[in-house]
Amino acid sequence: MENLGIDGKLMLAQLINFVLFFYIFKRYIAKPFAKFLSQEKEKEVQKQKILAEMQQKEEDLAKKQEELKKKADKQYEEALRKAKLDAERVKSLIIAEARSEAEQIVTKRAKQIEEEKNKLYAQVKDKVLELSVFVVNKALSDFLDQDARKKITTEILKNSSKTIKI
Amino acid sequence: MIIDSATKREIKDLIKSRLMQPQKKALVFSAAPLDEEDKILLMRVLRFLKRDNFAVIYSLDESLLAGVVVKIGSKVIDLSLKGKLTNLRQTMYEIS
């Protein structure tokens, strides 16, 4: 073995060294490192788990938001539909009221016109009669002389058959 | 006939009071002057003129055309042709 250049003692020392190194490495480096790695692995798993959970929650939230949005849209449409119906109803009422008022105004105006017409007719009638009597008056005052007046006076007094009391 | 003094006094007082009473006036307007016949006819129609001792004052008013109008205070009795024309006008107005 010495001819090959292998030193027994050195090999032994190397071996012991190696065993010691192995023992120390295993005990003080590998184990804690492995533990550390496993801890890190566990942490990572937990992180993934939390992430998955959060993603799930996010999806749920998005879903809920979507549902709420749909509900709100539906309510909005319903409110819009009701408002349109109300507006139509109010519009119809206003139109009906306006029509009724217009009819009333027309009727009232027609009545006023009729009244004014009757009034005018009465005035014209009165004026015509007044004029006629005036003409007759004038004609008689020109036509009747003293004799005629006296005769008519006598006739009037004679024809007043019933006595007049005061 | 002997009348006792008390009765005499009463009769005197009565006559005095009648004479003291203010005489009622009646204004008669005619279109032509009234002769006696017309006045008699008027008294016949308005008997109270004579009975109630009215003082009748006659006046001319040619605007009456014919007939008479008698005014006693605020009361008017219209027997004139003008009045009849006015009534005719009123009647025609009511009829038409």
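Here are the numbers for this structure:
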| read-out | value |
| --- | --- |
| Length released on extending from A:Lys71 to A:Glu115, taking residue separation times 0.36 nm less the Cα-Cα span | 9.4 nm |
| Anchor A:Lys71: lysines whose Cα lies under 26 Å away (excluding residues fewer than 8 positions away in-chain) | A:Lys57, A:Lys63, A:Lys82, A:Lys84 |
| Kirkwood hydrodynamic radius of segment A:104-157, Cα pairs, Å | 14.5 Å |
| Viscosity 1.002 mPa s, temperature 20 °C, Stokes-Einstein D of segment B:14-64 from Kirkwood C-alpha radius, µm²/s | 174 µm²/s |
| Tail fraction, Cα-Cα pairs, chain B, threshold 18 Å, whole percent | 60 percent |
| Top of B:Ser30, B:Ser59, B:Ser17 by mean-square fluctuation, Gaussian network on chain B, Cα under 10 Å | B:Ser17 |
| DSSP-defined beta bridges in the protein assembly as shown - what % are antiparallel, rounded to 5 | 60 percent |
| Residue-averaged 222 nm ellipticity for chain A, from DSSP H runs of 4+ at -39500 (n - 2.57), nearest 500 | -32500 deg cm²/dmol |
| Cross-link pairs B:Lys25/B:Lys75; B:Lys24/B:Lys50; A:Lys117/A:Lys138; B:Lys39/B:Lys71 - those with Cα-Cα distance over 21 Å | A:Lys117/A:Lys138 |
| GNM flexibility winner over chain A from A:Ala96, A:Ala52, A:Ala30 (Cα, springs under 10 Å) | A:Ala30 |
| Mean separation of Cα contacts under 8 Å (6+ apart) over length of chain B, as relative contact order % | 28 percent |
| Candidate lysines for bridging to A:Lys35, where Cα separation is under 25 Å - those fewer than 8 sequence places away on the same chain excluded | A:Lys26, A:Lys43, A:Lys47, A:Lys49 |
| Coarse-grained scattering of the protein assembly as shown at q = 0.10, 0.11, 0.14, 0.16 Å⁻¹, given as base-10 log I(q)/I(0) from a Debye sum over alpha-carbon atoms | -0.88, -0.94, -1.11, -1.23 |
| Average partner coverage of A:144-154, which counts Cβ from other chains inside 10 Å | 6 |
| Hits among aspartates and glutamates - C-alpha to C-alpha of A:Lys31 under 18 Å, sequence gap 8 or more where chains match | A:Glu40, A:Glu42 |
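Every number here is computed from the coordinates shown, using simple stated rules; none is lab data. None of these values were measured; they are calculated from a predicted model. Backbone-built Cβ (ideal geometry, glycine too); neighbour counts: all protein chains shown.
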